[in-house]
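The values are calculated or read from the model by the stated rules, or taken from the named source; none is laboratory data. Bear in mind the structure is a predicted one, so any value in this text is a computation, not a measurement. Heads up, the Cβs are rebuilt from the backbone with ideal geometry, glycines too, and the neighbour counts pull from every protein chain shown. Protein only, heavy atoms only, side chains kept; ligands, DNA and RNA dropped before computing areas. Shrake-Rupley method; radii C 1.70, N 1.55, O 1.52, S 1.80 Å.
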Amino acid sequence: GVGDSTAIWFWQEFGENLHIIDYYEMNGEGLSHYVEILRRKGYYYGKHFAPHDIANRDLTGDGKSRKEFAAELGLHFEVIPRSSIEMGIDAVRKLLPRCAFDESLSVGINHLQSYRKAWNDKYGVWADKPLHDEHSHAADAFRYLALSYEKKERKLEGRKFKLG
């Protein structure tokens with residue numbers, strides 16, 4: 001949405017490992033801004049992934065979803081289904097050891113390192129849910145990166161077969 005930050009991670013696959021090559025975050029901009037940023041980066045893209053809410057219809061009156069609007073701008077998304085935050089965090093934990101981050105990604109890396117649970121002052125314990133702050137957008141985007149990669153791996157496992 002325009003009110004929240006939009007965070008984008010860029011990665012390349014190397015066998016079973018991921019090379020995280022770029023990170024971009026902005027707020028207060030519409031979808032056309034992000035399409036232009038992706039074009040300006042000059043990367044060759046395999047796929048674009050977005051969370052489930054890209055299928056939401058905007059209240060602009062035209063009845064189109066964000067996904068449909070992006071497609072009109074030449075950007076086609078594969079939608080990552082809604083899952084629990086815990087499932088996403090588990091996917092990140094499994095994927096992180098297989099990731100190599102470019103040194104230039106200090107902002108994105110700082111966001112990931114600063115992602116944490118909220119503190120419940122009333123009971124003096126950590127809450128079950130993560131703290132929603134300036135770090136959560138990057139962490140949420142990385143969670144969806146991990147879920148998209150996990151989905152791809154499950155798809156590939158389903159195609160394995162024995163010879164002979």
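Couple of notes before you dig in:
- Condition met for ASP4 (in a helix (DSSP H, G or I) and either among the polar types (S, T, N, Q) or closer than 30 Å to ALA127 by Cα (or both)): no
- First in the stretch 109-127 and farther than 17 Å from CYS99 by Cβ, second anywhere and open to solvent by 100 Å² or more (accessible area, probe 1.4 Å) and hydrophobic (A, V, I, L, M, F, W, C), Cβ under 6 Å, 6 or more apart: LYS117/TRP126
- Residue check for SER65: of a type in the set (S, T, N, Q), open to solvent by less than 70 Å² (accessible area, probe 1.4 Å), under 26 Å from HIS132 (Cβ atoms) and free of Cβ contacts under 8 Å to residues at least 60 places away in the same chain: yes
- Test: residue in the stretch 40-47 that is open to solvent by 50 Å² or more (accessible area, probe 1.4 Å), closer than 19 Å to SER104 by Cα, aromatic (Phe, Trp, Tyr) and not in a helix (DSSP H, G or I): yes
- When residues of the stretch 28-39 are limited to those that are aliphatic (A, V, I, L, M) and closer than 20 Å to ARG57 by Cβ, the one most open to solvent (accessible area, probe 1.4 Å): LEU31
- Residue within the stretch 36-48 that is aliphatic (A, V, I, L, M) and farther than 24 Å from HIS19 by Cα present: no
- Taken together, the residues in the stretch 76-96 that are open to solvent by 100 Å² or more (accessible area, probe 1.4 Å), among the charged types (D, E, K, R) and within 28 Å of VAL35 (Cβ to Cβ) amount to 1.
- With respect to the stated conditions, ILE54 is surrounded by 15 or more Cβ atoms within 10 Å (Cβ to Cβ) and either modelled with pLDDT of 90 or more or assigned to a helix (DSSP H, G or I) (or both).
- Restricted to the stretch 99-114, and to residues there that are of a type outside the set (Gly, Ala, Ser) and open to solvent by less than 60 Å² (accessible area, probe 1.4 Å), the residue that is farthest from the chain's Cα centre (by Cα) is ASP102.
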